[in-house]
Amino acid sequence: MTATRGTSDATATTATSATSATSATSDATATSDAAGTTATAGMAGRTATAATTGTADPSGVRPATPTATTATAGTTAGTTATATATAGTTATASAATGASPRSGGPIGVLVVDDDFMVARVHRAFVERVEPFQVVGVAGTGEQALGAVAELRPDLVLLDLYLPDVFGLDVIPRLRAAGHDCDVMVISAAREADAVRGAVRHGVVDYLLKPFEFEDLRVQLERYAVQRGRLLGTVVRSQADIDRVLAGAAGAAAPVPALPKGMSVETAELVERTLREADGTLSASECAALTGISRVSARRYLEYFHTVGGADVSLRYGVAGRPERRYRYRGAVTGPALPPAVRP
């Protein structure tokens, strides 16, 4: 009985020691976890402070969404390492857009301006226009090159007066590096040489500072339309190329009023007939379909050809003059036809 009780006591002592060791290990683990959590919180706090006070990172490229970057850095160590490796550019900003902007999603924009406050205003303006989304901000030419390589924006809003290089000198370096992003100049540079240089470098637009939100909105919306036209273009003829290039050159000039003796009602009728035709129409065929004379039909058809609403081809017969045939090209804009009849 004494031996048995001694054995039980020894076993109980051993179990108690094991439990104490386990408890100590758990305490140590808990302490370690708490220390790690404290360190992470401290790091996140320092990051949030730096983002709030606008402290520049080593590269000087300011992330477009510092709050989102901080949260990601505090949550995922791998993302923190990525943000550090990319010298302060916000890789998560591109990921936040979801699908690639080039696949029909948001149009990613990089704002390049050496004035931090001006850049902030421009960013706020851009983000008010759908479907544009700022993916980053850079303050020098070198930062812009690095940000384009990292963030792959669709459009760069480029100031010309940068502290390290002249803004236009950034464009050929972008092309040499294989970047096909579009560039819109936003600058106070009014010199004719700067404007000519921008055109030679293929900028999509040139907006003078200072400007209002509505000025930038118009430019951005026009760019979005032209970009969509370019992405969706299928070239079947010279007319398709002409339409794309005309759009790239800017808004079309208003169509003049109808010539004397022509009525809006008849013009609407001829345009609708031409648009609904299966293929081409001659003046005689148009006259038969509309109930007007052949001479009047030809006059309206020639007018639409003159203002860009119709293409003309020639059909050669056995004898006599070739027949002029008309094909609908696009809606006529301007005061010639009211908006209600434009498709």
- Quick one: which of G250, G291 is on the phi > 0 side of the Ramachandran plot and either at pLDDT 90 or above or among the polar types (S, T, N, Q) (or both)? G291
- Query: Only one of these conditions is not met by Y161: (1) without any contact (Cβ under 8 Å) to a residue 24 or more places away in the chain; (2) touching a Gly at 6+ places or on another chain (Cβ under 9 Å). Which number is it?
  - Reply: (1)
- Message: Can you list residue pairs whose Cβ atoms sit under 7 Å apart, with the first residue in region 309-329 being open to solvent by 70 Å² or more (accessible area, probe 1.4 Å) and the second being part of a loop (DSSP other than H, G, I, E, B) and of a type in the set (A, V, I, L, M)? Count only pairs 6 or more apart in sequence or on different chains.
- Response: none
- Note on the structure: Flagged in region 176-196 as part of a helix (DSSP H, G or I) and either at pLDDT 95 or above or at positive phi (or both), in numbering order, are A176
- Does V148 satisfy the condition of being at pLDDT 95 or above, surrounded by 19 or more Cβ atoms within 10 Å (Cβ to Cβ) and in a helix (DSSP H, G or I)? yes
- Item | Residue among L245, L274, L220, L301 that alone is open to solvent by 50 Å² or more (accessible area, probe 1.4 Å), in a helix (DSSP H, G or I) and either closer than 30 Å to I186 by Cα or at pLDDT 90 or above (or both) | L245
- Among the residues of region 139-158, write down those that are of a type in the set (A, V, I, L, M) and touching a residue at least 60 places away in the same chain (Cβ under 8 Å). A147, L151, L155
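Report yes if some residue within region 124-135 is part of a helix (DSSP H, G or I) and either modelled with pLDDT under 80 or buried (at least 18 other Cβ atoms within 10 Å of the Cβ) (or both); otherwise report no. Break it down stepwise before answering.
Here is the first cut: in region 124-135, the ones part of a helix (DSSP H, G or I) are 124-126.
Among the residues that remain, those that are also either modelled with pLDDT under 80 or buried (at least 18 other Cβ atoms within 10 Å of the Cβ) (or both) are: 125-126.
Yes, that holds for at least one residue.
The values are calculated or read from the model by the stated rules, or taken from the named source; none is laboratory data. Nothing here was measured: the structure is a model prediction, and the numbers come from that model. Every residue, glycine among them, receives a Cβ derived from its backbone with ideal geometry; neighbour counts consider all protein chains shown. Side chains included, ligands, DNA and RNA excluded: accessible areas come from the protein's heavy atoms. Shrake-Rupley method; radii C 1.70, N 1.55, O 1.52, S 1.80 Å.
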